[in-house]
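The values are calculated or read from the model by the stated rules, or taken from the named source; none is laboratory data. The structure displayed is predicted, hence computed values, not measured ones. Backbone-built Cβ (ideal geometry, glycine too); neighbour counts: all protein chains shown.
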Amino acid sequence: MTEEGEKKQEPLPIGRMPGGGAGACAMYPAPWKAHGSGGEQISPNGTTFQAHSVVHEYRQNERRGESSARGAGLVFDQEQEESSVQEADQVVQEVANVASNEASTSAAGSGAESAALFSKLRSFSIGSGPNSPQRVVSNLRGFLTHRLSNITPSDTGWKDSILSIPKKWLSTAESVDEFGFPDTLPKVPVPPLDETMADYIRALEPITTPAQLERTKELIRQFTDPQGIGPRLHQYLLDRRETEDNWAYHYWLNDMYMNIRIPLPINSNPGMVFPPRRFKTVHDVAHFAARLLDGLLSHREMLDSGELPLERAASREKNQPLCMAQYYRLLGSCRRPGVERDSQYLPSRERLADEDRHVVVFCRNQMYCVVLQASDRGKLSESEIASQILYVLSDAPCLPAKPAPVGLLTAEPRSRWALDREMLQQDEQNHRNLELIETAQVVLCLDEPLGGNFNARGFTGATPSVHSAGDRDETNMAHEMIHGGGSEYNSGNRWFDKTMQLIICTDGTWGLCYEHSTSEGIAPVQLLEKIYKNIEEHPDEDTGLPQHHLPPPERLEWHISPQIQARFGQACQSVDKAIDNLDFYVYRYQGYGKTFIKSCQVSPDVYIQLALQLAHYKLYGRLVATYESASTRRFLLGRVDCIRAASTEALEWAKAMCQGEGANVPLESDREDEEESRKVKFSIYSKDHLRELFRCAVARQTEVMVKNILGNGIDIPLLGLREASVDVTGEMHELFKDESYNISQCFLLSTSQVACSTDSFMGYGPVTPRGYGCSYNPQPEQIVFCVSAFYACEDTSASRYAKSLKESLDIMRDLLQN
């Protein structure tokens with residue numbers, strides 16, 4: 001996911017800024033709107049002037065001025081200078097005062113006052129940081145000096161527009177933090193209807209036919225007509241924004257997760273692989289597991305005390321506070337299946353005095369409840385936790401009866417699992433077991449190694465796996481984290497509803513499987529990397545496990561009805577079939593990494609997204625709807641919106657880079673590399689022309705990315721309008737049944753940046769049967785990709801797409817390195 005770089009700040013409770021309430025927000029004024037017709041606003045005395053207000057025009061000029069730098073994806077590391085917010089506020093207020101005076105006096109009478117103000121504007125001392133408030137005010141000063149010198153007394157409409165500039169820069173009327181931001185997080189905006197529709201049309205252009213696009217344009221004309229339903233639905237969302245902390249959150253959560261009926265593993269839950277450990281004995285396994293659990297418990301105590309550091313954006317409104325809500329949803333939470341819609345169990349923020357903290361440990365499909373912190377004996381030490389884990393490791397293999405694979409049912413389609421869960425909890429003991437699992441801090445899965453049949457199916461010339469455990473490569477390890485390997489391996493040793501499943505294999509492979517609905521990847525990644533780094537920095541030699549006189553952990557026993565027993569066989573077949581269909585490949589591109597990309601003055605994320613587009617075009621001769629998650633944590637309860645990387649600019653560049661070659665859809669054959677070497681290659685376009693097309697594609701991708709992280713994407717507003725049409729009229733509007741809309745929502749390329757500070761990686765399956773999934777972790781000298789497809793689709797291949805990625809990245813380096 002495209003996340004803002006973050007740095008730690010002061011401790012802060014969830015959803016609050018210092019001095020602010022949980023539900024409060026800073027309300028940024030709505031964009032200036034014209035009244036009347038023909039793009040003009042009627043002034044009080046009957047004269048007219050163009051509807052582009054001073055501030056609107058200033059903002060447009062500011063954006064255009066950045067197009068050659070920030071707008072083109074350049075990287076800025078310069079620190080901002082100290083803010084001049086109060087001085088800016090004073091100047092703008094004087095501008096407003098002059099406007100008031102000019103409205104009531106003649107032009108000649110106000111000339112002296114205007115001249116004095118302009119003089120002050122010119123002498124205003126400003127800093128020079130590229131993103132600083134000083135720069136904003138400096139540009140505003142020059143812009144106003146130019147515009148106000150020609151303004152007439154009747155032009156009074158611009159006064160309110162100046163005063164509507166975001167208060168972050170130009171007001172001290174409300175409480176702000178040390179960086180000049182409001183003390184309360186702003187709410188997610190509702191972008192103007194016309195702007196959303198214009199951006200929607202632009203997003204459709206490279207992925208639809210002219211006939212499909214024209215049909216959609218006509219629907220949009222009807223939808224946005226003043227007498228149409230669009231303005232009414234837009235107002236409905238604006239009203240909803242006033243009454244809710246985040247008007248889009250439940251729309252988005254249900255559409256993205258809770259309403260989806262397909263199984264969680266592969267389709268929804270990502271898997272993450274950490275650098276493998278070297279275990280010599282089973283004691284090493286228990287000791288490492290204990291250190292992880294102890295780190296999680298310490299993190300839980302930090303959450304309870306309200307000492308979780310606030311994170312702030314590192315670019316694009318640098319130091320803006322970010323919403324921390326999802327960090328509080330990681331531990332003790334669980335997804336619950338429903339026949340029509342799932343729900344979430346989220347623990348209370350306040351810990352009760354008699355509340356125990358426990359985890360559930362899975363081993364060979366057996367389940368054990370390990371209490372980490374009890375009201376009557378306090379918190380367990382690391383060695384005490386290790387002794388409990390060792391008991392599980394020794395007890396589970398020795399039990400005479402083969403356990404029922406209850407966890408396997410959580411890998412079934414959601415409606416099917418909901419019915420099974422209802423049957424299970426009719427028994428009192430089963431009901432208690434479910435409650436223990438769902439309220440556990442995490443689930444710990446102690447696994448057996450997968451067989452070598454899960455190793456990578458790569459391509460000639462691919463780089464070898466960096467991490468290994470025995471004969472297992474990185475692709476094999478990723479399979480274990482995503483789905484467990486099937487009913488004969490570890491898929492029954494899971495509870496896929498659980499937000500965090502820590503997975504430790506006896507051969508040293510370890511990582512995470514996490515249920516995605518509660519948070520984005522950054523939250524669990526940062527949490528586990530923090531714990532892992534602490535373990536690495538403090539080895540703490542294990543000298544054996546002392547004897548502790550603790551009661552052994554409770555083993556959960558299930559009462560299985562004949563109906564549920566029959567379901568196990570069905571679940572085994574469906575889960576194994578889904579796993580056999582997953583085509584997954586961990587590919588390390590080692591030609592270069594983000595160091596080279598930054599030397600080209602391009603954002604690594606933008607660069608890689610364009611490489612993904614080029615790789616797809618090289619294979620299929622077209623671009624498709626592409627999803628990249630963009631963090632919207634600048635807003636209260638913000639999660640993500642969608643950066644659509646398939647742009648017209650990217651399409652024109654990809655066409656030119658392929659030099660008129662046709663699509664290369666057929667899958668690899670033994671003679672492919674030989675045939676490739678025989679191709680006669682020539683250049684139709686000059687490198688200068690290709691670079692110019694590339695810069696245009698970079699600028700467009702950057703523009704879309706910035707609009708998304710600042711709350712002005714298109715997918716969340718479109719979703720809101722779609723759901724509002726059902727809320728208001730009782731049925732979905734025709735615009736959202738349109739063929740183009742369906743094409744735009746079928747993400748044949750689903751991507752996400754998962755940046756890690758350790759040599760780790762996270763992967764997931766495609767989101768459509770004919771598509772690809774592709775996560776990436778840009779490192780200084782390499783890029784780690786996790787590519788996925790389905791074998792059932794004859795036109796897709798994970799290794800083939802990885803090879804096309806390699807070729808694309810190679811020719812991009814050749815294009816830009818000089």
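Structure notes:
- Scope region 614-627; condition in a strand (DSSP E or B) and either farther than 15 Å from L749 by Cβ or touching a helix residue (DSSP H, G or I) at 6+ places or on another chain (Cβ under 6 Å) (or both); matching residues: none
- Number of the condition not met by P766 [criteria: (1) in contact (Cβ under 8 Å) with a residue 60 or more places away in the chain; (2) in contact with a strand residue (DSSP E or B) (Cβ under 8 Å, 6 or more places away or on another chain); (3) more than 24 Å from D810 (Cβ to Cβ)]: (1)
- Checked against the criteria, Y391 counts as among the aromatic types (F, W, Y) and either farther than 24 Å from H299 by Cα or modelled with pLDDT under 95 (or both).
- Candidates A313, A325, A290, A248 - the one that is over 30 Å from I389 (Cα atoms), buried (at least 18 other Cβ atoms within 10 Å of the Cβ) and in contact with an Asp or Glu (Cβ under 7 Å, 6 or more places away or on another chain): A313
- You will find that of E672, E692, the residue that is at pLDDT below 95 and within 27 Å of L805 (Cα to Cα) is E672 and no other.
- Contact map, region 213-231: first residue more than 24 Å from T648 (Cβ to Cβ), second residue among the β-branched types (V, I, T), Cβ cut-off under 8 Å, separation 6 or more or different chains; pairs are I229/V728; I229/T729; G230/T224; P231/T224.
- Of all the numbered requirements in (1) touching a residue at least 24 places away in the same chain (Cβ under 8 Å); (2) over 20 Å from A571 (Cα atoms); (3) part of a helix (DSSP H, G or I), D420 misses one, and that requirement is (2).
- Per the conditions (1) surrounded by fewer than 24 Cβ atoms within 10 Å (Cβ to Cβ); (2) out of contact with any Cys (no Cβ under 6 Å at 6 or more places or on another chain); (3) more than 20 Å from G720 (Cα to Cα), the sole criterion not satisfied by R634 is (3).
- When residues in region 338-375 are screened for being in contact with an Asp or Glu (Cβ under 7 Å, 6 or more places away or on another chain) and either closer than 28 Å to G486 by Cβ or of a type outside the set (S, T, N, Q) (or both), 6 of them pass.
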